[in-house]
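Let me begin by presenting the structure, written as structure tokens, before commenting on it.
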Amino acid sequence: MNKNKPLILYRHILLCILLAASSTAIASATRIVAAGSEYLNIVFSRLGNADLSVVLEYTNAQTDNALSAVEKGHADFAVIDTAMTRQSLEEKKLLQFPIMSTAVVPIFNLSNLQTNALTLNAPVLADIMAGNITSWSSPAIRKLNPQVELPALPITRVIRKENSGTTAAMSAYLSNGSESFRKNHGVFHDARWDGAAIQVPDAVAVARKVSATPGAISYIELDIGNQSGARFIQLRQPGGSTVTADYGYLRAAGFSMRGEYTTERDNSLLVMNHEESWPIMVPIYVVIRDGDANADKVKAIQQFFLNCFKNDWVIEQYGFVPLPSSLQARAVSLIHRMNKRSPKAQPINR
């Protein structure tokens, strides 16, 4: 006789109970559909897995398509990296709030240099991206890198073909740091770069193209850069300090963010540039319908986003930056607006 038979039977019964409980939880979970940028899929899918009260389905979509899906009721919320204007939000009866932020990092391909071995500042990077500096042996680059052996290799710019929040963030950084770039180009989302450049459709394609092209330079979201093994460029700040896209400088940038609340609908962020923080940050926004008729769905969506803020360790795990508590509290207040019967927003217990 098998003396372990009672124990084996007990384990089988326990396993059946756990499977039944899991099946019940999944069956009772509310289905939520999100649409947004592909590079945000992984972090939102993980946030969805951390919340057993919902089943999150994330669809990769460009910003315009993601917003259209929300307006038409095909998606419950959109995830975008370019804030909507107050006028658009009011016209389309949408609400917007920040959920996290990420960094934009310049990347390069010089075979003799590893990541963070090259230093640039905003004026020099602006001249490179504008097509004014065309060789890696340029005196302006050599001045910032006196101990680095720079090859006499042409610079090949790789740029985003489609509208992009990363392009907007990069052009804003260059405009702030270079008077000539600000006057001649300004801040833009599209492929408005002068001269010949290689155009690719998305961030993953940027990483691949730069990696395959000696002498290439571009810019990319930090998490995709980490995943692809891209080589990052350090940035020299106006005061003389040099910063890298590591988590200490990113978190400092996240804590420096300030909200610009022109209306209850419009919750855009202003990224403050401090000497000891990474200067190119992209706030990530959620856009939802105002006044959804499905009360159960509204409650599930509210709880999902509250859990997102409580599980901000997941956000950090994937290379994104959680919002400061003050901005989280503001977002929570707006989340509760989705249902007029919801109680007044309370601070999140951390």
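The values are calculated or read from the model by the stated rules, or taken from the named source; none is laboratory data. Everything quoted here is computed from the prediction, not taken from an experiment. Ideal geometry is used to build each Cβ from the backbone, glycine not excepted, and the neighbour counts take in all protein chains shown.
Being closer than 30 Å to G239 by Cα, out of contact with any Cys (no Cβ under 6 Å at 6 or more places or on another chain), in contact (Cβ under 8 Å) with a residue 12 or more places away in the chain and among the polar types (S, T, N, Q), is that true of even one residue in region 274-296? There is at least one residue in region 274-296 that is closer than 30 Å to G239 by Cα, out of contact with any Cys (no Cβ under 6 Å at 6 or more places or on another chain), in contact (Cβ under 8 Å) with a residue 12 or more places away in the chain and among the polar types (S, T, N, Q). Here is the figure for region 43-52: residues that are free of Cβ contacts under 8 Å to residues at least 60 places away in the same chain and in a loop (DSSP other than H, G, I, E, B) total 1.
Taken over region 284-316, residues that are hydroxyl-bearing (S, T, Y) and on the phi > 0 side of the Ramachandran plot amount to 0.
Of the strands (runs of 3 or more DSSP E) contained entirely in region 203-268, those carrying at least 1 residues that are modelled with pLDDT of 80 or more and of a type in the set (A, V, I, L, M) fall at 216-221, 234-236. Screening region 66-117 for residues that are hydroxyl-bearing (S, T, Y) and within 19 Å of the chain's Cα centre (by Cα) and picking the one that is farthest from M281 (Cα to Cα) gives T85.
Of all residue pairs spaced 6 or more apart or on separate chains, those with beta-carbon atoms under 9 Å, a first member in region 53-75 that is farther than 12 Å from I32 by Cα and touching a residue at least 60 places away in the same chain (Cβ under 8 Å) and a second member that is of a type in the set (G, A, S) and assigned to a helix (DSSP H, G or I) are T63/G165; L67/S88.
Scanning region 126-139 for residues that are of a type outside the set (F, W, Y) and in contact (Cβ under 8 Å) with a residue 60 or more places away in the chain, we see that the one that is surrounded by the most Cβ atoms within 10 Å (Cβ to Cβ) is M129.
Would you say I224 is surrounded by 16 or more Cβ atoms within 10 Å (Cβ to Cβ) and within 19 Å of the chain's Cα centre (by Cα)? So I224 passes the test.
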